[in-house]
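None of the figures in this text is laboratory data; all of them are computed from the coordinates on show. Only a predicted model underlies this, so the values are computations on that prediction, with no experimental measurement involved. Cβ placement follows ideal geometry from the backbone for every residue including glycine, while neighbour counts extend to all protein chains displayed.
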Amino acid sequence: MPEPNQPSPKEKNKNIKIVKDATCTFCGCVCDDMELTVDLDEHRITKAKRACVLGRAWFYEHTLEDRPVVLIDGKEATLEEGMDVAAQILVDAKFPITYGLSDCTCEAQRIAVDIMDTINGNIDTTTSVCHGPSGMAFQGVGESTATLGEIRNRADLVIYWGGNPAESHPRHFTRYAVTPKGMYIPNGKKDRTVVLVDVRKTPSTPVADIFVRVKPGKDFEVLWALRALVKGKRISNDIEEQTGVSREMLDDLVYRMKNCQYGILFLGMGLTMTRGRHFNSGAIYSLAADLNEYTHFVAKPVRGHGNVTGADNVVSWQTGYPFGVNFNRGFPRFNPGEFTTSDLLARGETDAAMIIASDPASNFSKKAIEHLAKIPVITMDAKETHTTKLSKVRFAVATYGINTGGTVYRMDDIPISLRPAFDSPFPTDQEILEGIRQRIRKLLTGSKARTAF
Amino acid sequence: MDPDCNSIFSRPDSIVAILFQGSNIVETMLLVPGRSQSQGTSLNKGKLKDEYLVVTATAELNENDMRRLKLVDGDKIRLASEVGQTVVACKAKKQDDLPEGMIFIPYGPSSSQLMGSDTAASGMPMSKHMEVSVEKVES
């Protein structure tokens with residue numbers, strides 16, 4: 001029997017490395033208990049112990065691809081040439097923007113913010129089309145919050161609203177909120193009641209003790225009715241007709257919420273991407289706050305991409321605002337709808353874009369994509385995407401967390417260090433951004449600093 | 001609602017309008033794009049790879065809706081909204097899993113073609129609950 005954590009006999013002739021406590025950066029769970037077996041000869045991860053189905057795909061599919069490091073107008077170029085052209089595009093633009101940032105390290109995000117500050121540009125992250133509305137609600141009503149560790153150890157009532165973690169965050173159930181045994185939850189799932197609220201049944205539904213099907217677009221009404229019932233107020237008699245949720249179900253939920261020891265409301269994009277957006281998120285935050293008159297209750301968004309929470313943190317500590325930040329006047333301004341990328345592109349207001357680790361050409365509205373195709377675009381991505389295809393300067397980069405170290409934030413705002421598995425010949429986002437920053441500083445030296453407008 | 005529709009009837013979960021254009025039945029349904037496991041695994045292989053493109057271009061419909069529209073698994077349907085249209089394959093889901101009048105599709109290039117750009121001053125386009133017309137595309 002091989003020793004635990006040692007290569008198997010079959011692997012002994014190979015150049016194998018074991019990386020313990022590695023971090024998966026695919027989704028916002030940012031699980032940092034991975035044990036990776038790395039074939040250093042083939043530059044690939046062959047085993048990812050404890051990884052979920054999405055984590056395994058993340059680790060196994062990120063190998064070293066045969067791609068040029070830099071393409072300018074579709075032609076191969078050197079890294080230096082790529083950074084020269086990128087810097088010139090950004091300096092020449094009247095309204096340059098940077099977007100993405102959720103799949104790179106905080107160290108890279110920090111430089112991207114500084115670049116946009118330097119050239120009076122606009123910085124936005126994938127948060128704006130993810131939990132941006134929850135960020136807006138957070139500013140309006142606050143957040144009764146907790147870490148996932150606290151939830152794992154204490155929560156006996158777990159409510160998922162508008163999300164499908166079984167498919168989007170598979171280990172959310174097993175590592176944090178449903179099955180694990182905790183300090184005050186000694187029997188794991190047996191000590192918890194799990195509620196799932198959604199417009200359709202999903203693979204997450206069987207995990208729930210109670211499934212609440214709400215009519216599409218009626219989440220706000222259900223949440224507001226729950227707030228009223230928690231406070232002992234009357235609600236409309238036609239609530240079931242309006243929302244699809246019966247009065248009996250609402251009364252049962254209210255009883256459970258008021259009488260649990262520790263409750264958590266996890267909110268998904270079923271709330272932020274539908275009619276009501278930040279009002280939906282605000283309603284769920286307010287419900288959690290209201291319930292603290294009776295018991296301990298918290299609310300947390302279930303965040304998507306690996307380091308999208310890091311992007312919120314970095315942009316917030318650098319500018320004071322979490323996303324959609326504009327430096328046109330020489331100081332940061334925040335206004336969702338005005339300075340968020342989807343809107344800027346759809347209105348055709350920007351004349352150059354630096355897209356880092358995201359794919360707006362696949363995920364944005366048709367109008368926004370059409371404008372993106374008309375302007376010079378700089379992309380940094382570990383894979384080819386619809387956005388890299390339409391870009392003027394495209395950098396192939398090392399994969400964060402697999403080829404690079406650095407810092408990422410878990411969805412509950414906990415920073416975690418990365419342990420890379422194998423080296424990559426591709427530069428990191430951080431290195432490219434640093435190169436562009438240096439070039440921009442040189443280009444602006446001796447000339448008048450960019451005029452704020 | 002389209003003034004030319006022949007009949008309108010209420011469902012527990014949505015309003016469905018039915019039109020007859022030639023021999024084709026065209027219905028208005030609610031499109032709910034979202035994450036799926038196969039979308040998540042295939043995007044790691046690459047967003048330009050066939051697997052991802054197929055996954056994000058396959059819509060799930062209620063089995064009764066499929067029957068009424070004379071559709072079987074794998075048939076092509078045209079989804080159209082006010083801003084665009086796309087042709088995707090379809091797959092049946094049981095009545096209990098997906099309500100009548102609702103379509104699920106994994107997020108991707110196909111669903112983006114149908115998404116409006118208005119964000120109601122939030123930065124977030126209405127990415128779920130899009131009203132779309134549905135019709136069979138004859139092969």
Ranked by Cβ crowding within 10 angstrom, fewest neighbours first, how are A:Ser316, B:Ser110 ordered?
-> A:Ser316, B:Ser110
Using θ = phi - 60° and Karplus 6.51 cos²θ - 1.76 cosθ + 1.60, couplings along region B:119-135 (whole Hz; Gly, Pro as x) = 10, 6, 6, 10, x, 10, x, 6, 8, 10, 6, 8, 7, 10, 8, 10, 8
Mean other chain Cβ within 10 Å across A:357-368 is 6
Could you check the simple spin-label distance between A:Glu248 and B:Arg68, using points 7 Å along Cα→Cβ, in nm with one decimal?
-> 2.8 nm
Net +/- balance of residues flanking A:Val178 in space, Cβ distance below 13 Å, scoring K and R +1, D and E -1 | +4
Give me a single rounded figure for A:47-57: the average over its residues of other chain Cβ atoms within 10 Å of their Cβ.
-> 2
Given a cut-off of 29 Å, name the pairs among A:Lys389/B:Lys76; B:Lys70/B:Lys128; A:Lys49/B:Lys91; A:Lys233/B:Lys94; A:Lys215/B:Lys76 whose C-alpha atoms lie farther apart than that in the structure shown.
-> A:Lys49/B:Lys91; A:Lys233/B:Lys94
Which order do B:Lys91, A:Lys17 fall in if you start with the one that has the fewest other Cβ atoms within 10 Å?
-> A:Lys17, B:Lys91
Shape of region A:132-301, Cα gyration tensor, a/c cut at 1.5 | rounded
With an 8 Å cut-off on Cα pairs and a minimum separation of 6 or more residues, tell me the relative contact order of chain A in percent.
-> 23 percent
Anisotropy class of chain A from Cα gyration tensor, a/c 1.5 cut = oblate
Give the calculated FRET efficiency between A:Trp317 and A:Met183 to the nearest 0.05, with a Förster radius of 45 Å applied to their Cβ-Cβ distance.
-> 0.90
So, over other residues within a Cβ distance under 9 Å of B:Val137, counting Lys, Arg +1 and Asp, Glu -1, the net charge is 0
Put in order of increasing Cβ neighbours within 10 Å, starting from the fewest, B:Glu135, A:Glu241 give A:Glu241, B:Glu135
Projected area of region A:9-61, taken from the Cα convex hull and averaged over every viewing direction, in nm²?
-> 3.6 nm²
Phi to ³J(HN,Hα) by Karplus 6.51 cos²θ - 1.76 cosθ + 1.60 over region B:89-95, Hz, x for Gly, Pro = 7, 10, 9, 7, 10, 5, 3
Here the residues of region A:98-129 lying in the modelled label zone of A:Leu79, meaning backbone nitrogen under 19 Å from a point 7 Å along Cα-to-Cβ, are A:104-112
Neighbours of B:Ser122 by Cβ distance under 14 Å: Lys/Arg at +1, Asp/Glu at -1, summed charge -1
Compactness check, region A:276-408: C-alpha Rg relative to the 2.2 N^0.38 Å globular estimate gives 1.27
Between the alpha-carbon centers of region A:267-336 and region A:148-198, tell me the distance in whole angstrom.
-> 21 Å
Taking a crude spin-label model, label points 7 Å out from Cα along the C-beta direction, the B:Lys94 to A:Thr174 distance in nm is 2.4 nm
